[in-house]
Amino acid sequence: MDEMQSRYALWLAFALKASPSTYFKLVEHHGSAREVFYAASREGLLFDGRNAQKLKDELREKAKEPYIDACFLYLKKHKITTVLFDDATYPALLRHIHNPPPVLFVKGKLPEEIVLPIAIIGSRALCVLMVVLLPRTTHLVGTVSTVSWQRSYPILELRPVEREDWKDQIP
């Protein structure tokens, strides 16, 4: 994927937040993330999914080059690298899950070979989808040293105190 296509793929991932299926539907329909960008900026975006008008409005609002520049500044400031779905370095095992993320935002470095992938995915409130893949190389063994229990009572209603002798009945 060339640099300009990568630029628009990252724009679409940022603009959609955490919606891989919508990302792939839009790219499939328009041909590329770059074409999605141009369609959104010209109000020519074709999408008939749930909340279609809201999505079109949000993408039109973000279909501006300065928005893309701000996304790249954010990545640079936080030392986050990206791996696009079409890149050779995208983890092969991850390609086969349901709704794989179109872009991996990586803090650190992906391992050369992934033995046991673990994904930590941010919530929709976050502006980026963070995925970290870690190989497990050792087994962890632990021993439970203490166990404690705590009981709580829900307060169902607040009203004036009628009796106070209840304090003496607490064990």
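The residue list Glu65, Glu113, Glu43 contains one member that is open to solvent by 40 Å² or more (accessible area, probe 1.4 Å), among the charged types (D, E, K, R), over 21 Å from the mean Cα position of the chain (by Cα) and closer than 18 Å to Arg7 by Cβ, which is Glu65. Taking segment 68-85, which residues are surrounded by 11 or more Cβ atoms within 10 Å (Cβ to Cβ) and either of a type in the set (S, T, N, Q) or farther than 13 Å from Val106 by Cβ (or both)? Selection gives Ile68, Asp69, Ala70, Cys71, Phe72, Tyr74, Thr81, Thr82, Phe85.
Considering only residues that are open to solvent by less than 50 Å² (accessible area, probe 1.4 Å) and without any contact (Cβ under 8 Å) to a residue 24 or more places away in the chain, which ones fall in segment 86-107? Steps first, please.
Kept after step one, since they are open to solvent by less than 50 Å² (accessible area, probe 1.4 Å), are these residues of segment 86-107: 87, 90-91, 94, 100-106.
Selection gives Tyr90 alone.
Remark: pairs (first residue in segment 2-21, over 20 Å from Ala88 (Cβ atoms); second residue outside any helix (DSSP H, G or I) and at pLDDT 80 or above; Cβ separation under 7 Å; 6+ apart in sequence or on different chains) = Ser21/Asn99. Do we have Lys109 as in contact with a strand residue (DSSP E or B) (Cβ under 9 Å, 6 or more places away or on another chain), at pLDDT below 90 and basic (Lys, Arg) here? Against the criterion (in contact with a strand residue (DSSP E or B) (Cβ under 9 Å, 6 or more places away or on another chain), at pLDDT below 90 and basic (Lys, Arg)), Lys109 qualifies.
Would segment 46-54 turn up any residue that is open to solvent by less than 70 Å² (accessible area, probe 1.4 Å) and either in contact with a Pro (Cβ under 7 Å, 6 or more places away or on another chain) or at pLDDT 85 or above (or both)?
Scanning segment 46-54 turns up no residue that is open to solvent by less than 70 Å² (accessible area, probe 1.4 Å) and either in contact with a Pro (Cβ under 7 Å, 6 or more places away or on another chain) or at pLDDT 85 or above (or both).
Step by step: first the residues of segment 1-40, then only those that are open to solvent by 70 Å² or more (accessible area, probe 1.4 Å) and among the hydrophobic types (A, V, I, L, M, F, W, C), then the one that is nearest to Glu61 (Cα to Cα). Which residue is that? Per the criteria, the residue is Met4.
For segment 46-62, what are the residues that are free of Cβ contacts under 8 Å to residues at least 12 places away in the same chain and either closer than 14 Å to Arg7 by Cα or not charged (D, E, K, R) (or both)?
Of the residues in segment 46-62, the ones free of Cβ contacts under 8 Å to residues at least 12 places away in the same chain are 48, 50-54, 57, 61.
Scanning segment 46-62 gives Asn51, Ala52, Gln53.
Can you confirm whether segment 127-144 contains a residue that is within 27 Å of Asp2 (Cβ to Cβ), modelled with pLDDT of 65 or more and part of a loop (DSSP other than H, G, I, E, B)? No, that holds for no residue.
The values are calculated or read from the model by the stated rules, or taken from the named source; none is laboratory data. In this text the structure is predicted, and so the values were computed from the model without any measurement. All Cβ positions, even for glycine, are placed from backbone atoms using ideal geometry, and neighbour counts span all protein chains on display. These accessible areas exclude ligands, DNA and RNA; they are computed on the full protein's heavy atoms, side chains included. Shrake-Rupley method; radii C 1.70, N 1.55, O 1.52, S 1.80 Å.
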